[in-house]
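S.K.: This structure is in structure tokens; I'll ask about it shortly.
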Amino acid sequence: MKINNRRLTETVLDRSCGVCNQSLIIDLNGIKFEEYGELRADWGYGSKQNGKCYQIDLCESCFTQALFVLRDARRAHVMFDH
Ligand SMILES: [Zn+2]
């Protein structure tokens, strides 16, 4: 009797930034790396956006840019909140 175990594997062929459309797959010496940041929300009943889901993949550059915008917003919030 022969029993086979079929293993299912999933390979990401390509993935791109949701802002600039740059590929998030980086090839280093023939080895592919998936490098990305992610902006994600799954709003529930207590929010104004109840039921809305967001998932945006970001390249390193766009992620850093988003981080700077949020950092500036936090700085402005702290500055004008006192
Ligand atoms: Zn990008």
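S.K.: For the chain, calculate the relative contact order in percent as a whole number, restricting contacts to Cα pairs under 8 Å that are 6 or more residues apart.
M.R.: That works out to 22 percent.
S.K.: Okay, moving on. Starting at 0 and stepping by 5 Å, how many percent of the alpha carbon pairs of the range 28-72 end up in each bin?
M.R.: In whole percents, the pair-distance histogram is 5, 18, 16, 17, 17, 14, 7, 3, 2, 1.
S.K.: Find, to one decimal place in angstroms, the Kirkwood hydrodynamic radius of the chain, where the mean of 1/r is taken over every pair of different Cα atoms and then inverted.
M.R.: About 16.4 Å for the chain.
S.K.: What net charge do the residues around GLY18 carry, taking every other residue with its C-beta under 15 Å from that of GLY18, with Lys and Arg at +1 and Asp and Glu at -1?
M.R.: Here the count lands on -4.
S.K.: So, with a 1.4 angstrom probe, what is the percent of accessible area on the chain that is carbon and sulfur?
M.R.: Answer for the chain is 53 percent, counting heavy atoms of protein chains only.
S.K.: Still on this structure: Farthest toward the dipole's positive end in the chain, which of SER47, ASN21, ILE31, given Cβ charges of +1 (Lys, Arg) and -1 (Asp, Glu) about the Cα centre?
M.R.: About the Cα centre, the residue reaching furthest to the positive side is SER47.
S.K.: What 222 nm value per residue comes from the helices of the chain, counting each DSSP H run with n ≥ 4 as -39,500 (n - 2.57) and dividing by all residues, nearest 500 deg cm²/dmol?
M.R.: Result for the chain: -9000 deg cm²/dmol, rounded to the nearest 500.
S.K.: Which of the GluC sites (Glu not before Pro) across the range 1-35 are loop residues per DSSP, with 10 or fewer other Cβ within 10 Å?
M.R.: Details: sites: GLU10, GLU34, GLU35; in loops: GLU10, GLU35.
Within the range 1-35, the qualifying GluC sites (Glu not before Pro) (loop, at most 10 other Cβ atoms within 10 Å) are GLU10.
The values are calculated or read from the model by the stated rules, or taken from the named source; none is laboratory data. Predicted model, so just to flag it, every value in this text is computed and none were measured. No Cβ is skipped: glycine too gets one built from the backbone with ideal geometry, and neighbour counts run over all protein chains shown. For accessibility, only protein heavy atoms count, side chains too; no ligands or nucleic acids. Shrake-Rupley method; radii C 1.70, N 1.55, O 1.52, S 1.80 Å.
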